[in-house]
Amino acid sequence: MYTTWEELKTECMSCGRCPLGETRHNLVFGKGKEDAEVLFIGEGPGEQEDLRGEPCVGRSGQLLDKYLDAVGLDRNRNVYIANIVKCRPPQNRDPKPEEQDACIVWLREQVRLMKPKIIVCVGRIAAQKLIDENFRVTKQHGEFYEKAGILMMGTFHPAALLRNPNNKPQALEDFLKLRDKIKEICTHTYD
Ligand code: URA
């Protein structure tokens with residue numbers, strides 16, 4: 001249990017809890033407002049993220065920024081972005097269950113310190129880890145589920161949207177639902 005972000009980050013940055021730490025260039029701790037009411041959680045760093053130490057900065061991250069912008073959200077102003085695993089899986093393979101389990105302790109501490117009202121799971125890996133192990137993005141995207149007092153929603157991963165642009169309108173609808181939910185339950189200003 002950590003009492004400050006600084007303490008948590010310092011400890012996390014030297015993590016060796018799983019073998020992904022051996023191949024990383026940079027651990028990607030997360031980025032955004034530390035007291036955000038809305039937390040976005042992706043899968044894990046890709047090549048660009050690994051090189052820069054920041055989440056979602058590659059092509060798919062740029063697409064995520066467009067959806068955020070469309071509903072008045074901004075990683076520098078009012079949300080936080082993190083991943084299920086903080087180090088890049090080789091060749092961008094899915095993080096293994098044991099890697100997810102080893103890493104999630106850090107994410108849980110981030111959530112404990114942040115106390116978000118809403119968590120958006122970006123893609124299957126995050127939604128299956130945090131909402132339901134059988135979560136189907138194509139069927140359940142945009143639905144809110146309450147877990148331990150936090151509203152959780154799963155949506156399409158931007159990398160999947162780049163591969164299959166047909167789902168982009170549905171993804172936008174998810175973000176519009178998110179905007180409505182923020183208006184309903186959040187207290188920070190989002191203009
Ligand atoms: N995809 C993710 O899920 N997370 C990142 O940080 C980058 C790409």
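Only the coordinates and a few stated rules stand behind these numbers; no lab work does. Note that the coordinates shown come from a computational prediction; the quantities given were computed from them, not determined experimentally. Reconstructed Cβ throughout: ideal geometry from the backbone, glycine too, with neighbour counts over all protein chains shown.
Mind checking the dipole of the chain: about its Cα centre, +1 per Lys or Arg Cβ, -1 per Asp or Glu Cβ, Debye to the nearest 20?
Magnitude of the dipole: close to 340 debye.
When the Karplus curve 6.51 cos²θ - 1.76 cosθ + 1.60 is applied with θ = phi - 60°, which whole-Hz ³J(HN,Hα) does each residue of region 185-191 get, with x for Gly and Pro?
10, 8, 10, 5, 8, 10, 7
Work out, in µm²/s and without decimals, the Stokes-Einstein translational diffusion coefficient of region 1-76 at 20 °C, 1.002 mPa s, Rh from Kirkwood over C-alpha pairs.
It diffuses with D of about 155 µm²/s by this estimate.
With each pseudo-label sitting 7 Å past Cα toward Cβ, what's the residue 23-residue 162 distance in nm, one decimal?
1.9
For region 106-119, in order, what is each residue's ³J(HN,Hα) by Karplus, 6.51 cos²θ - 1.76 cosθ + 1.60 with θ = phi - 60°, in whole Hz (x at glycine and Pro)?
Karplus-based 3J(HN,Hα) across region 106-119 equals 5, 5, 4, 5, 4, 5, 4, 6, 7, 6, x, 8, 10, 10 Hz.
Provide the gained length on full extension for the span residue 185 to residue 113, in nm with one decimal, where the gain is 0.36 nm per separating residue minus the Cα-Cα distance.
Between residue 185 and residue 113, full extension yields an extra 24.0 nm.
So how far apart, in nm, are the two label points at residue 10 and residue 52 if each is 7 Å from Cα heading toward Cβ?
2.8
Sticking with the crude label model, points 7 Å out along Cα→Cβ, report the distance from residue 96 to residue 140 in nm, one decimal please.
2.5
Measure up 31/139; 33/181; 117/177; 66/86; 9/168 against 25 Å on the Cα-Cα distance and list the ones that go over.
The answer is 31/139; 9/168.
Between region 38-63 and region 108-157, what is the separation of their alpha carbon centroids in Å?
Each part's Cα centre sits 17 Å from the other's.
If I model region 1-158 as equal point scatterers sitting on the Cα atoms and use the Debye formula, what is log10 I(q)/I(0) at q = 0.19 Å⁻¹?
So the normalised log intensities work out to -1.27.
Got a sec to turn the phi values of region 128-138 into Karplus ³J(HN,Hα) couplings, 6.51 cos²θ - 1.76 cosθ + 1.60 with θ = phi - 60°, whole Hz, x for Gly and Pro?
6, 6, 9, 9, 7, 5, 9, 4, 10, 4, 5
Quick one: which residues, 5+ away or cross-chain, put their amide H under 5 Å from the amide H of residue 42? H built at 1.01 Å from N.
82, 83, 84, 122
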